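Taking it in order: structure first as structure tokens, then the write-up.
The values are calculated or read from the model by the stated rules, or taken from the named source; none is laboratory data. Because the structure is a prediction, the values reported are computed rather than measured. Positions of Cβ are generated from backbone atoms using ideal geometry, with glycine treated the same way; all protein chains shown enter the neighbour counts.
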Amino acid sequence: MKIDSGYADLLVNMECPCGCNTPINVGDNSIGHKEVWNGIVDIMLGPLAVSGAKSKVEDKVLEDSNTVCELDTSGKLEEAKHQLISETITFAFTMQSVVPLLGISKENFRVYMYDPDEDLLYESTTIPLFVFPVEGRQLHITSIIALWMIVNFDHFFTGVKCNQIEFGYKADLNKFLDEYHCDIYKHHLRIGGLRHVKSKHSKEAHAGMNMGKFNRLISS
Ligand SMILES: [Zn+2]
């Protein structure tokens, strides 16, 4: 597990704040390329990326946080959607495979996946973290099992099915990118070294994608 160095100031010591004493690895989780989309994944957990739904699209320092180590989850998932999709696609190209991205807010989470070979983009429904209405913020057990399956994605992912490819739920990435920028996504993305790099090819490229055509990853 690697937490982005943007959160380093919030860590009292380099151990998991839950009390399990697991050392926390802090590093540069920036991904992408300066010519295309680039940004920061909050946590890299094996093949899984975790990103908080931030209230502002730009990554910001958590000045008002008083928790030991708190992800910036102050925003709403729907508002952070374009940011999360951009991260998902960039992360999948970086890893050269289908990898999940967990977008998390204070109340809910969503899972996104992108298949860079078949150009398939998946979005789960919004899954609640807590049982409502209830006092005491009781965790939603089904959601916790879903989270556990996502964290153990390596063991549960059975691959992209032929019928999903045939169904044609494409992200149509090549409609938004010319050949030059497609080539960067396919061959030149990197992890690290992209902090404070301004992207020429802005976030709007992904924001324009057809949102109605996603495969539903987890049905409600
Ligand atoms: Zn722990």
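Looking across the stretch 156-177, the residues that are under 16 Å from Y112 (Cα atoms) and assigned to a helix (DSSP H, G or I) come down to F156, Q164, L173.
Of the residues making up the stretch 12-43, those that are farther than 19 Å from K81 by Cα and more than 16 Å from the ligand (Cβ to nearest atom) are G27, D28, N29, H33, K34, E35. Scanning the stretch 182-195 for residues that are outside any loop (DSSP other than H, G, I, E, B) and either touching a His at 6+ places or on another chain (Cβ under 6 Å) or polar (S, T, N, Q) (or both) yields a single hit, I184. Scan the stretch 12-54 for residues that are over 20 Å from R195 (Cα atoms) and assigned to a loop (DSSP other than H, G, I, E, B) and report the count. Result for the stretch 12-54: 13.
Would you say L71 is modelled with pLDDT of 85 or more and touching a strand residue (DSSP E or B) at 6+ places or on another chain (Cβ under 7 Å)? So L71 fails the test.
Here the stretch 44-58 is the region considered, the condition is being of a type in the set (A, V, I, L, M) and more than 16 Å from the ligand (Cβ to nearest atom), and the residue that is farthest from R190 (Cα to Cα) is A53. For the stretch 1-11, the set of residues classified as assigned to a helix (DSSP H, G or I) and either more than 16 Å from the ligand (Cβ to nearest atom) or in contact with a helix residue (DSSP H, G or I) (Cβ under 6 Å, 6 or more places away or on another chain) (or both) consists of S5, G6, A8, D9, listed by residue number.
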